[in-house]
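Each remark here refers to the structure printed beneath this line.
The values are calculated or read from the model by the stated rules, or taken from the named source; none is laboratory data. Because the structure is predicted, anything quoted here is derived from the model rather than measured. Cβ coordinates were reconstructed from backbone atoms using ideal geometry, including for glycine residues, and neighbour counts include every protein chain displayed.
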Amino acid sequence: MAEVLEIKNEEKKLIQSAYRDLLRSIKSKMTDQDKIDLRNAYELAVESHAQQRRKSGEPYIMHPIAVAKICAEEIGLGPTAIVCALLHDVVEDTEVTLEQIRIMFNDKVAKIVDGLTKLDSAYSRNSPQAENFRKVLSTLIEDVRVVLIKMADRLHNMRTLGAMPRHKQLKIAAETSYIYAPLAHRLGLYQFKIEFLDLCMKITDPENYHGIAKKLAQTKRERESYVNQFIEPLKTKIKEELEDINISIYGRPKSIYSIWNKIRTKKVPFEEIYDLFAIRIILDVPSQKEKLLCWQVYSIVTDVHTPIPERLKDWITTPKSNGYESLHTTVIGPKGRYVEVQIRTERMNEIAERGFAAHWKYKGLNKQKDVYERWLDSVRDILEDPQSDAVEFLGDFRANNLFNEEVYVYTPKGDMQILPLGATALDFAFSIHTDLGYHCTSIKVNNKLVPMGYKLKNGDQLQIFTNKNQKPNENWLKMVTTGKAKSKIRSAMKEERRKEGLISREALERKLKNLKVDIESAIELLVKHYKYSSHIDLYYDIATDALCIPDIFKIFKADGNQLVEIEAEKPVNETVEDVVRPPKRVRKKNDLKPRLLINGEPAERFEYTLASCCNPVQGDQIFAFLTANAGLKIHRVNCPNATNLMANYGYRVMKAEWSSTTNSTFVADLKITGVDDGPGVIERLTNQISSNLKLNIRSFSISGNEGYYEGLISLLVTNTDQLNVAIQSLQNLNSVSTVTRLE
């Protein structure tokens, strides 16, 4: 008993210490009421979560306190947001209701907490994750603090993910890299984005993550020496020419994920990546002199170190659509190394570090356009259709509202429009006004007529021609990429289909009424049976004779007040549990020991196949995904489709692992590049694989051009060890430059 009391006292001290630490991290001014609300929120959260513990074993209340501290310290949010962060899980995980929150605090706090509360998991049979994210976004357009607290919540969860089971770690990491990292970029929270991607890599690719981390630690002293060597002459020159300006210069290491990305894309080893850091120059100057002095510093930098002109990026004259402002250039430093230099002011740096949260502090300064308001308008546009499919919505939102690269184009009057890279002329029409998009008949770019699907380039000037009789059609969806355009085209098409289906709807309902069956449940049954996505599609097909009412009633009949199938009277009320229930188990005669375990059971009890999109090999990290009609598919954790499947359909993901070694062979695809030094390349490659490694080649293609060749080889291997030996062995050949496994 004494030991229990001692533990409780220790935990109480730990919680109180964390709370005091939170209070010290709050930088914004607080009124007396703010202090009262903060204390009340803390006490309510402590009491509500008293019996709960995290997977790590620590008291659950430590999580809300940590989230609140991230909001205060790393985002710079004020007292109201910190109160909401402390309360973000009480409605979802305890007996506390939203009404109690409203009475105890106010409507604003209740609304934010509601936005942070997940929907009932049964709300969406298609994808609860997508529905929950849509709910968060719908609150974002009213109060951005919901999303900022959600980001802090996700960051703390990622930092403490070690206690979770492996398959849950993979699902959470996939959801983070699919939505939260791009959204952090879009909101200007660059430190969050970097940490999200690093933590995701630590989970999905631990071998490469720890390998790079170890090499960074080993080369730290050498890097620091080089940074000092680069900075010293700069400091001297800047002090001479701008002696009255307060300037700080330092080297910022690049993230592990970004280094790994360079290694993958450039196909070079770690030792050949020289830009492991960026030099940042920050000026403390009045707002009216920002642009002038940044360019003066750029001039000094290029006097000291040789610039590479094509690598100059001016986001001061034209800020990014998420408010980011900075001057980036690449120069040649000591020893011929390329070094990236970022030049910005204190104001620009705060916006770069804290994004949306810092934006409000400087709103309207320098008469700058409100970039976030413009972005939120585009989010409102795609949220306007409440009937849209949640996964479809999430895909559109992610692809076109979280874009990294942009294109700058102009109206005939010279007004600039910013669209995602890859946007088309028709996207431009919808971005100006929905009606302009609906009735667009032709488009001129730089006074030349172009197709509607023309991909925009920087500096293009567009002129739109319309006709009031023009209407969107299905082909238009192939001509656009932005979420707003896709959403508006789908809405217009649904409205047209709805109008055309009105008469057929009346005819079908009249028939069902005559049969004296429940019309609503009967329509739901027909939509499910014929696999339509909505009632509108059913009525439209009847209107266009793609489906005939007499044919429907050859399959269905009335049974009491219900419509049932004639041949097989099946239950119609399928639930989410039915969807995610594992496929029918089948016993197979197999002398070999099971190679896989799925949810801890031998995989041979399930219907499963290895996914052809990533060709898992024995030894790869894997997961099982329950498909709609093809049983279980076994994917690699780093499969190109893995992030999308886990983020949108996490409830269909099952734990899978290799259970024993067998003599089975697996397909592995390799891409080989190298120097085409004449006859003998093919012979050397095939000899190394077949004669030396004793591996079977399933397929082999090679093409050469101007001294360079590229080959694609499919091998049959038994496990990842054998595959890695093959990759290393081929890499050692003189004529081979790179060998990579295709994903």
Selection within the stretch 307-343 - charged (D, E, K, R) and not in a helix (DSSP H, G or I):
K313, D314, K320, E325, R337, E340
Tell me which residues, restricted to the stretch 613-627, are crowded, with 23+ Cβ neighbours inside 10 Å and more than 16 Å from M646 (Cβ to Cβ).
V617
When you check I112 against the structure, is it in a helix (DSSP H, G or I), buried (at least 18 other Cβ atoms within 10 Å of the Cβ) and modelled with pLDDT of 90 or more, yes or no?
no
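Residues checked against (1) outside the structural domain of C200 (by TED's automatic domain parsing); (2) of a type in the set (F, W, Y); (3) within 21 Å of L197 (Cβ to Cβ):
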position: L597; (1), (2), (3): yes, no, no
position: R605; (1), (2), (3): yes, no, no
position: Y608; (1), (2), (3): yes, yes, no
position: N615; (1), (2), (3): yes, no, no
position: Q621; (1), (2), (3): yes, no, yes
position: A624; (1), (2), (3): yes, no, no
position: I634; (1), (2), (3): yes, no, no
position: Y651; (1), (2), (3): yes, yes, no
Checking the condition surrounded by 15 or more Cβ atoms within 10 Å (Cβ to Cβ) and part of a loop (DSSP other than H, G, I, E, B), which residue from G414, G437, G459, G422 passes?
G422
Tally the residues that are under 24 Å from the mean Cα position of the chain (by Cα), under 30 Å from N349 (Cα atoms) and outside any helix (DSSP H, G or I), restricting the search to the stretch 51-92.
3
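Quick check: anything in the stretch 730-738 part of a strand (DSSP E or B), crowded, with 18+ Cβ neighbours inside 10 Å, outside the structural domain of P602 (by TED's automatic domain parsing) and not aliphatic (A, V, I, L, M)?
no
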Please name all residue pairs, on different chains or six or more residues apart, with Cβ atoms under 7 Å, provided the first residue is in the stretch 219-242 and is within 18 Å of V297 (Cα to Cα) and the second residue is assigned to a helix (DSSP H, G or I) and among the hydrophobic types (A, V, I, L, M, F, W, C).
P233/V304; L234/V301; L234/V304; K237/I300; K237/V304; I238/V297; I238/I300; E241/I300
Among the residues of the stretch 501-520, which ones are more than 45 Å from the chain's Cα centre (by Cα) and among the basic types (K, R)?
R510, K511, K513, K516
Here is a list: I238, I247, I256, I231. Which entry is buried (at least 16 other Cβ atoms within 10 Å of the Cβ), under 37 Å from the mean Cα position of the chain (by Cα), within 17 Å of T345 (Cα to Cα) and among the hydrophobic types (A, V, I, L, M, F, W, C)?
I247
Which count do you get for residues in the stretch 22-50 that are over 16 Å from L87 (Cα atoms) and either under 32 Å from the mean Cα position of the chain (by Cα) or loosely packed, with under 12 Cβ neighbours inside 10 Å (or both)?
9
Residue check, S255 closer than 30 Å to N638 by Cβ, of a type in the set (S, T, Y), out of contact with any Cys (no Cβ under 9 Å at 6 or more places or on another chain) and assigned by TED's automatic domain parsing to the domain that holds E340:
yes
Restricting attention to the stretch 521-564, report how many residues are among the hydrophobic types (A, V, I, L, M, F, W, C) and in contact with a strand residue (DSSP E or B) (Cβ under 7 Å, 6 or more places away or on another chain).
6
For the stretch 466-539, list the helices (runs of 4 or more DSSP H) that sit wholly inside it and hold at least 2 residues that are in contact (Cβ under 8 Å) with a residue 12 or more places away in the chain and within 27 Å of A423 (Cα to Cα); which are they?
483-500
For the stretch 455-463, state whether one or more residues are free of Cβ contacts under 8 Å to residues at least 60 places away in the same chain, closer than 20 Å to L419 by Cβ, in the same structural domain as P420 (by TED's automatic domain parsing) and among the small types (G, A, S).
yes
Pick from the stretch 610-652, criterion assigned to a loop (DSSP other than H, G, I, E, B) and of a type in the set (S, T, Y), ranking: farthest from N719 (Cα to Cα):
Y649
Out of the residues in the stretch 680-725 that are of a type in the set (D, E) and farther than 25 Å from R636 by Cβ, which is surrounded by the most Cβ atoms within 10 Å (Cβ to Cβ)?
E683
